[in-house]
1. Determine the pairs where a residue that is more than 18 Å from residue 56 (Cβ to Cβ), located within the range 21-40, has a partner that is basic (Lys, Arg) and not in a helix (DSSP H, G or I) with Cβ atoms under 9 Å apart, the partner being 6 or more residues away or on another chain.
2. Considering only the range 47-89, state which residues are of a type in the set (Val, Ile, Thr), under 13 Å from the mean Cα position of the chain (by Cα) and over 29 Å from residue 7 (Cβ atoms).
3. Just the residues that are without any contact (Cβ under 8 Å) to a residue 60 or more places away in the chain, in contact with a helix residue (DSSP H, G or I) (Cβ under 7 Å, 6 or more places away or on another chain) and not hydrophobic (A, V, I, L, M, F, W, C), please, taken from the range 51-92.
4. Looking at the range 9-19 only, could you name the residues that are in contact with a Gly (Cβ under 9 Å, 6 or more places away or on another chain) and within 16 Å of residue 74 (Cβ to Cβ)?
5. In this structure, does residue 80 turn out to be under 18 Å from residue 33 (Cβ atoms) and small (Gly, Ala, Ser)?
6. In the range 20-51, how many residues are touching a Phe, Trp or Tyr at 6+ places or on another chain (Cβ under 6 Å) and closer than 14 Å to residue 73 by Cβ?
7. Considering only the range 45-63, state which residues are within 25 Å of residue 21 (Cβ to Cβ) and among the acidic types (Asp, Glu).
Amino acid sequence: MGQVETEVRHWHVTLTVGGAPVEPLLARAALQRLSEERPFLDSVTTTGDSAEIQFWDQGESMLDVASLAMRLWNEHRESARLPGWEVVGLEIVEKGVRERRSEAGRRA
């Protein structure tokens, strides 16, 4: 029998979390700890009541990547001492889509 090959694709992930306000310095320190635990993060921005985390991931499907992204915050909540926020937004786009967006933005 032939083996089915599955293509691993690259995805750009934007995870947004939010909740009750916390001191901005505490939020930044927590996100710095998260960055140290997960050094693959592209960018992290925060206010006192939300944060946006961007990173690249690999997976066979968007559903695979979404499943992992949805768990990221909760899996690091204790170790990075993250605020008790919840996921309020998730965007996942394939690498080609992200590149086309970037090109379109440069032309505009």
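Values quoted throughout were computed directly from the atomic coordinates according to the rules given, and no laboratory measurement underlies them. If you're wondering where the values come from, they're calculated on a predicted model, not measured in any experiment. Virtual Cβ from ideal backbone geometry, glycine too; neighbours counted across all protein chains shown.
1. Close Cβ pairs (under 9 Å, with a partner that is basic (Lys, Arg) and not in a helix (DSSP H, G or I)) amount to 26/81; 29/81; 30/81; 33/81.
2. Taking the range 47-89 and keeping what is of a type in the set (Val, Ile, Thr), we get 47, 53, 65, 87-88.
Next, from what is left, pick out any that are under 13 Å from the mean Cα position of the chain (by Cα): 53, 65, 87-88.
Within the range 47-89, just 88 meets the criteria.
3. 57, 59, 76, 79, 81
4. Here is the first cut: in the range 9-19, the ones in contact with a Gly (Cβ under 9 Å, 6 or more places away or on another chain) are 9-11, 14-19.
Scanning the range 9-19 gives 15, 16, 17, 18, 19.
5. Numbers: under 18 Å from residue 33 (Cβ atoms): yes; small (Gly, Ala, Ser): yes.
Judged against the criteria, residue 80 is a match.
6. Let us first name the residues in the range 20-51 that are touching a Phe, Trp or Tyr at 6+ places or on another chain (Cβ under 6 Å), namely 40-42.
Cutting the leftovers down to closer than 14 Å to residue 73 by Cβ gives us 41.
The number of residues fulfilling the criteria is 1.
7. Once the filter is applied, which keeps residues that are within 25 Å of residue 21 (Cβ to Cβ) and among the acidic types (Asp, Glu), the range 45-63 yields 49, 52.
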